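In what follows, a single structure is set out as structure tokens and then discussed.
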Amino acid sequence: MKIYLASDHAGYELKEALTPFLRERGFEVEDVGPTVFDPEDDYPDYILPMAAKVAEDKGSFGIGIGASGQGEAMVANRIKGVRAAVYYGSQDNILTLSREHNDANILCLGARFMSIEEAKGAVLLWLQTPFSGEERHARRIKKIDG
């Protein structure tokens with residue numbers, strides 16, 4: 001399974017922790033950036049290319065990381081074929097429902113609201129949760145993706 005990761009300065013440390021964590025578990029990971037910490041960078045510069053890669057590479061997933069994850073999801077969801085969900089801790093049902101009902105292909109994390117260990121658990125749960133494939137959910141996604 002291919003996973004694209006991107007962040008801004010607020011999510012840089014978490015991205016750097018998740019990259020080897022996911023590789024050690026057998027995931028193919030591509031770091032879309034940034035490659036160095038820059039406190040002045042802008043999340044659209046990294047999230048847009050990551051989201052475009054996910055949309056183009058069917059069956060892949062993306063993880064976008066920022067302070068809250070909100071801006072990252074807003075940017076990612078502008079790309080046709082992307083369904084980005086936001087998670088900033090404590091409610092695992094948000095993770096599973098975003099996959100089961102919405103077939104989310106990008107998870108945006110709020111780095112300022114969770115520990116690295118919590119983020120690792122959340123990412124694994126999200127990646128391991130399949131889309132239900134139920135007709136009502138597939139119908140709704142088809143309306144989104146056109």
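Values in this text are rule-based calculations from the coordinates and carry no lab data. Because the structure is predicted, anything quoted here is derived from the model rather than measured. Quick reminder, even Gly has a Cβ in these numbers, built from the backbone with ideal geometry, and neighbours come from all protein chains shown.
Quick one: which residues, 5+ away or cross-chain, put their amide H under 5 Å from the amide H of V86? H built at 1.01 Å from N.
Placed amide hydrogens put C108 under 5 Å from V86.
Quick one: 3J(HN,Hα) in Hz for the stretch 60-74, Karplus 6.51/-1.76/1.60 with θ = phi - 60°, rounded, Gly and Pro as x.
Once rounded to whole Hz, the list reads 8, 10, x, 10, x, 10, x, 4, 10, x, 5, x, 4, 5, 4.
Using alpha carbons only, how many degrees (0 to 90, rounded to 10) separate the axis of helix 116-128 from the longest principal axis of the chain?
Its long axis makes an angle of about 30 degrees.
Quick one: what are the phi-derived ³J(HN,Hα) couplings along the stretch 18-25, Karplus 6.51/-1.76/1.60 with θ = phi - 60°, whole Hz, x for glycine and proline?
Couplings: 6, 4, x, 4, 6, 4, 4, 9 Hz.
How large is the helix-only mean residue ellipticity at 222 nm for the chain, computed as the sum of -39500 (n - 2.57) over DSSP H runs with n ≥ 4, divided by its residue count, in deg cm²/dmol to the nearest 500? Provide the component values of the computation, followed by the final result.
Details: 6 runs with 66 residues, N = 146.
Taken over the chain, the calculation gives -13500 deg cm²/dmol.
Give me the percent relative contact order of the stretch 2-145, please, defined on Cα pairs under 8 angstrom at least 6 residues apart.
24
Subtract the Cα-Cα distance of R136 and L124 from 0.36 nm times their separation in residues, and report this length gain in nm to one decimal. Could the numbers behind the result be given before it?
Working: separation 12, 0.36 × 12 = 4.32 nm, distance 2.58 nm.
In short, 1.7 nm is gained.
Checking the table K2/K120; K2/K58; K80/K143; K120/K143; K15/K80; K80/K120 against a 21 Å threshold on Cα-Cα, which pairs fail?
K120/K143; K15/K80; K80/K120
Once you sort the root eigenvalues of the Cα gyration tensor of the stretch 35-146 as a ≥ b ≥ c, which label holds: rounded (a/c under 1.5), prolate (a/b larger than b/c) or oblate (the other case)? Spell out each step's value before the answer.
Working: a/c = 2.16, a/b = 1.30, b/c = 1.66.
Taking the square roots of the gyration eigenvalues as a ≥ b ≥ c, the stretch 35-146 is oblate.
Using the crude model of +1 on Lys and Arg Cβ and -1 on Asp and Glu Cβ, and no other charge, please compute the dipole size for the stretch 2-145 relative to its Cα centre, in debye to 20.
Dipole size: approximately 800 debye.
Given Cα positions, please report Rg to Rh for the stretch 80-146, the hydrodynamic radius being the Kirkwood one.
So for the stretch 80-146, dividing Rg by the Kirkwood Rh gives 1.01.
If Lys and Arg each add +1 and Asp and Glu each add -1, what is the summed charge of the other residues whose beta carbon sits under 14 Å from the beta carbon of A138?
Around A138, the charge tally is +2.
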